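Notes follow once the structure below has been shown.
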Amino acid sequence: MSQEVRVRFAPSPTGVLHIGGVRTALYNYLFAKKNNGKFLLRIEDTDQSRFVPGAEQYIKDSLAWCGITPDEGPDQGGDFGPYTQSQRKDLYKQYVDQLLEQGKAYYAFDTPEELDEMRETLKAAKAHSLNYNSISRNTMKNSLTLSEEEVRAKLDAGDPYVIRVKVPAKEDIRLQDMVRGWVNVHTSTMDDKVLMKSDGMPTYHLANVVDDHLMKITHVIRGEEWLPSAPLHVLLYQYLGWEDEVPEFAHLPLLLKPDGNGKLSKRDAEKHGFPIFPLAWQGEGEDAELKGFREEGYLADAFVNFLAFLGWNPGTEEEIFSLSQLIETFTIERINKSGAKFDIQKAIWFNQQYIRATSPALLGQSLIEQVKSEGMTCDENKATAIASLLQERIDFVPELWSKGQYFFAMPTEYDQKVVRKKWKETAQAVLPQLADQLHETSVTGAEEIQAIFEKVLEANDTKAGMVLQILRVAVTGEAGGPDLMKIMEVLGTKEVAERIKSAVSTFATMTSDS
Ligand code: GLU
């Protein structure tokens, strides 16, 4: 590619950035980096009525969490700024003026009631389309039907108006989408979309096309929901005289519900209790509290890896890809045409894989943070040891704390089933002896503890299988878990001795009650 690749992620800060939006950003980023190009962040905030405070910061924070760093954007700057559309407002007027002058756009003065009436009439007449288009515009109040003097008078009087694009009546618009192939649209099916309102604010369509042109965007990679707008955008490129510079388009497949029936929605997330937003969000109204992947305990790398595979695959069996490996491997050709089913189990699987591949020391740091927030302390060695014992057994990092409670406090409850089944004569003899030995000893390592344990077993003429589980319950309260000798090493022999003694007296009452 001779020309520098320049792509953009162009979200509107009208709500919380959904996982589909993060995927769009990711694919743009991967494509840019793969081709040594530039990835831009552009905030499309021209629809001020839908502005949501905090949404822009949420977008930036989400990208930062994923490691998707814009080369140019509102915070990074760049040669093509500003990168926030509301700050570019004055720039768009000249293009609308050009279109008006050339008869490719026109003023329309219809009130909302008149527009409703138009649709009703068209509906009653069983018209093909209810659009404001090459047929219906001839019956409406616009600069095509009104005289020049009437238009001038209305403008001078300050009557509210919009400027609409004049879509040709009978033409074919063709575009080649990199994902979907050729798209052919007849202009009779298109709408004379509004390009600008009387307050001088451009609509999405105009601002988007003008900015893509001015920012020298070479590839427009965005969600499938924008495919119906693409023919209009191509027409605007032609109208503005930029037909030789139309960017390439790639419309990404929809994200589908887990069962594949329909678009993934916030309702699905609520119903199944899984997150579909990158970060937690606290807002007002229906978005009062939204779950985030980050807060649910997903590692950013695992989330990104999962996201990359929602609609793309490398063509091999391999599934674990770091961000830089994704950059190396990513191609638009391998994006699927069909929708991608959202499967939270797959997200959990990725997270497990990444947790297992993370160094215990690093996981230990997260545990230390968690422990601190509980008002306790934990030194690095202990945290690392706990992480290394639990990392194969957890799906989410916060489980180091929730599943590792017994490393920080003596159990308050014991697995009843095991106690009832295993608190028998042999155990009643072995456990107190073991407690005494462990109290006396100065050894610390798991293997040496194991040796002491075996000696006690031998003295009582029994096997580990007879007492190991009840010993585990005495030390941790739980019936299962990682290597018990290693747990005892982390706890220390004195602590273990105390726990066994305390358990022994509790077990006695538990079994006598029943
Ligand atoms: N502002 C649009 C959005 O919110 C951008 C669509 C596009 O990428 O053209 O998704």
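So here's what we get for this one:
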item	result
Selection within region 127-152 - aliphatic (A, V, I, L, M) and in contact with a Phe, Trp or Tyr (Cβ under 9 Å, 6 or more places away or on another chain)	140, 144, 146, 151
Considering residues of region 408-466 that are crowded, with 17+ Cβ neighbours inside 10 Å and of a type in the set (D, E, K, R) only, the residue nearest to residue 481 (Cα to Cα)	415
Residue 81 in contact (Cβ under 8 Å) with a residue 60 or more places away in the chain, over 22 Å from the mean Cα position of the chain (by Cα), away from the ligand (no atom under 14 Å from the Cβ) and at negative phi	no
Checking residue 304 against (1) over 20 Å from residue 13 (Cβ atoms); (2) modelled with pLDDT under 95, the condition it does not meet	(2)
Breaking point among (1) under 15 Å from the mean Cα position of the chain (by Cα); (2) within 11 Å of the ligand (Cβ to nearest atom); (3) hydroxyl-bearing (Ser, Thr, Tyr), for residue 62	(2)
Selected residue [surrounded by 14 or more Cβ atoms within 10 Å (Cβ to Cβ), out of contact with any Ser or Thr (no Cβ under 7 Å at 6 or more places or on another chain), at pLDDT below 95 and not polar (S, T, N, Q)] from 100, 130, 122, 146	130
Residue ranges of helices (runs of 4 or more DSSP H) in region 1-102 with at least 3 members more than 30 Å from residue 301 (Cα to Cα)	93-101
Candidate set: region 404-450, residues that are in a loop (DSSP other than H, G, I, E, B) and acidic (Asp, Glu); chosen: the one nearest to residue 495 (Cα to Cα)	413
Residues of region 103-119 that turn out to be surrounded by 11 or more Cβ atoms within 10 Å (Cβ to Cβ) and part of a helix (DSSP H, G or I), as a count	6
Filter pass, residue 185 being more than 27 Å from the chain's Cα centre (by Cα), more than 18 Å from residue 92 (Cβ to Cβ), more than 14 Å from the ligand (Cβ to nearest atom) and assigned to a strand (DSSP E or B)	yes
Out of 316, 331, sole residue that is more than 20 Å from residue 9 (Cβ to Cβ) and of a type outside the set (Phe, Trp, Tyr)	316
Qualifying residue in region 163-172 (condition: within 15 Å of the ligand (Cβ to nearest atom), of a type in the set (A, V, I, L, M, F, W, C), farther than 19 Å from residue 5 by Cβ and surrounded by fewer than 18 Cβ atoms within 10 Å (Cβ to Cβ))	no
Filter result (assigned to a loop (DSSP other than H, G, I, E, B) and charged (D, E, K, R)) within region 459-482	461, 463, 478
Test: residue in region 32-44 that is free of Cβ contacts under 8 Å to residues at least 12 places away in the same chain and either among the aromatic types (Phe, Trp, Tyr) or more than 14 Å from the ligand (Cβ to nearest atom) (or both)	no
Only one of 297, 285 that is among the small types (Gly, Ala, Ser) and touching a residue at least 24 places away in the same chain (Cβ under 8 Å)	297
Residue list for region 201-217, restricted to those being in a helix (DSSP H, G or I) and under 26 Å from residue 36 (Cα atoms)	208, 209, 210, 211, 212, 213, 214
Per-region count, region 295-317, residues under 16 Å from residue 21 (Cβ atoms) and assigned to a loop (DSSP other than H, G, I, E, B)	2
Residues satisfying the stated conditions in region 1-15, i.e. surrounded by 24 or more Cβ atoms within 10 Å (Cβ to Cβ) and either away from the ligand (no atom under 14 Å from the Cβ) or among the β-branched types (Val, Ile, Thr) (or both)	7
Total residues in region 471-492, condition under 13 Å from residue 388 (Cα atoms) and hydroxyl-bearing (Ser, Thr, Tyr)	0
When residues of region 218-266 are limited to those that are within 14 Å of residue 20 (Cα to Cα) and in a helix (DSSP H, G or I), the one farthest from the ligand (Cβ to nearest atom)	266
Any hit, region 7-20, residues being modelled with pLDDT under 95 and over 20 Å from residue 294 (Cβ atoms)	yes
Some residue of region 238-250 being buried (at least 18 other Cβ atoms within 10 Å of the Cβ), in contact with a strand residue (DSSP E or B) (Cβ under 8 Å, 6 or more places away or on another chain), more than 24 Å from residue 331 (Cα to Cα) and not basic (Lys, Arg)	yes
Meets criteria (at pLDDT 95 or above, buried (at least 18 other Cβ atoms within 10 Å of the Cβ), more than 28 Å from residue 266 (Cβ to Cβ) and more than 19 Å from the chain's Cα centre (by Cα)) for residue 329	yes
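The values are calculated or read from the model by the stated rules, or taken from the named source; none is laboratory data. Worth saying up front: this structure is predicted, and the values here are computed from it rather than measured. All Cβ positions, even for glycine, are placed from backbone atoms using ideal geometry, and neighbour counts span all protein chains on display.
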